[in-house]
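Worksheet: one structure, shown below.
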Amino acid sequence: MTVFFYQATDQAGKIVEGDLEAPDLRIAIEKVRKLRYFPIKITPDSPGKNSSQFKIPGLDWLQGIPKREILNFTQQLSTLISSGLTLDRSLSITVNLTQNDKAREVFADVQKRVHAGSTFSEALTIYPSVFQKLFISMIRAGEAGGVLNIVLERLAEFLEASQDMKNKIITSLAYPIFLMVMGGGAIVVLMTVVVPKFETIFEGMEHRLPLITIILMQFSKFATQYWWLFLLGLVAMVFGFLKYISSQEGKPKWDAFLLRLPLFGDLIRKIEVSRFSRTMSTLQKSGVPVLQALAIVSSIINNHVISKSVQALHSAVKGGQGMSRPLQKSGVFPPLAVHMIVVGEETGALDEMLTKVANIFDKEVDNALKRAISLIGPILILMLAVGILFIVGSVLGGILSLNDLAF
């Protein structure tokens, strides 16, 4: 599809202009005439418009469009259309209700394209970094089946459930992060402010001090003078690590390692199973074909190992098999999830069973997060206590050695 910019006159002779999508110029002219406009000029794309705007995949957070705005947009649009308003009118109202400037700009352009004759799904595809494949595919299925209001309602429920899960994870991580920041800050203050003050006391006595005290003093001196070297080293390590786990070679190994972790591997598995089940259920209920739904799901799963198993599932289903047997062979999905999917296929209620799987594993994730936090807190406190005790013990050991010299 090509975006065409048009200038035309309406029945009153007033000049109007806008954008519309069409495969070629002839279809674009026909669309303009269907709007009861007399075309004056039609050219590919809008002159002066930045066609790359909002088109960087995965960088919507840099462009100031929070996921919450997409959720609000979907909920409001679902309510308005269910109330009997047209899509064009509903989009216009939703644009006025949007507070975020970047989001309002995107939604306004979508409304403008719909008003110009483009379908809703076609207008959304202009912004792939804002509206995911899942969103667009469901809207396209809703348009084809004439149930756009129902699809929007399901999309709103799905986005809200996903947002709730994300909020739970962020909230659960707040306490461990707070402990790490405060404890790490305390150790830095001790090493760079408190310990150097003892250098004057221990000056000239290094050969008579305990080895542990000498090591601490030398490390403190190095850290105080070359703190920038520590900072550069830390930044380089973090950057190198992130680059490695994002590479084609490193990501599969890192994701496989995460799944093998004693506590967090099970948690990650449950999060991905919940995401898989809820997404598949939502797509199935909206009329998206199974193969297309599996392709979409495999692209939104974060863990590479589980994503590969879903891709293998796609190939198996394409070859005429059901979902349950390939899932059992993969060994990635928990037995409970596989068993429930088997029952769903046998009873012809796969979408409902997938919803139940998602609900069950949402609760499992909540419980697993609570268990993880209950263990992480004491472990972090113990590690920080050991570090602080090491510093304090080293200093006290040096002071006591001076007292021994006095006698």
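The values are calculated or read from the model by the stated rules, or taken from the named source; none is laboratory data. What you see is a predicted model; the values in this text were computed from it and never measured. Using ideal geometry, Cβ is built from the backbone for each residue, glycine included, and neighbour counts are taken over all protein chains shown. Surface areas here come from the heavy atoms of the whole protein model, side chains and all, with no ligands, DNA or RNA. Shrake-Rupley method; radii C 1.70, N 1.55, O 1.52, S 1.80 Å.
The table below gives the values:
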item	result
Filter result (in contact with a Phe, Trp or Tyr (Cβ under 8 Å, 6 or more places away or on another chain) and crowded, with 19+ Cβ neighbours inside 10 Å) within the stretch 135-170	Ile139, Leu148, Leu155
Unmet requirement for Tyr127, which otherwise passes all of (1) at pLDDT 85 or above; (2) in a loop (DSSP other than H, G, I, E, B); (3) open to solvent by 40 Å² or more (accessible area, probe 1.4 Å); (4) not β-branched (Val, Ile, Thr)	(3)
Members of the stretch 153-171 that are of a type in the set (A, V, I, L, M) and in contact with a helix residue (DSSP H, G or I) (Cβ under 8 Å, 6 or more places away or on another chain)	Leu155, Ala156, Leu159, Ala161, Met165, Ile169
Subset of the stretch 306-327 (residues that are assigned to a loop (DSSP other than H, G, I, E, B), among the small types (Gly, Ala, Ser) and in contact with a helix residue (DSSP H, G or I) (Cβ under 9 Å, 6 or more places away or on another chain))	Gly322
Residues within the stretch 274-305 that are β-branched (Val, Ile, Thr), under 25 Å from Ile150 (Cβ atoms) and either modelled with pLDDT of 85 or more or not in a helix (DSSP H, G or I) (or both), tallied	1
Some residue of the stretch 209-232 being free of Cβ contacts under 8 Å to residues at least 60 places away in the same chain, more than 30 Å from Ile139 (Cα to Cα), open to solvent by 40 Å² or more (accessible area, probe 1.4 Å) and within 22 Å of the chain's Cα centre (by Cα)	no
Given (1) hydrophobic (A, V, I, L, M, F, W, C); (2) open to solvent by less than 30 Å² (accessible area, probe 1.4 Å); (3) free of Cβ contacts under 8 Å to residues at least 40 places away in the same chain, number of the condition Leu389 does not satisfy	(2)
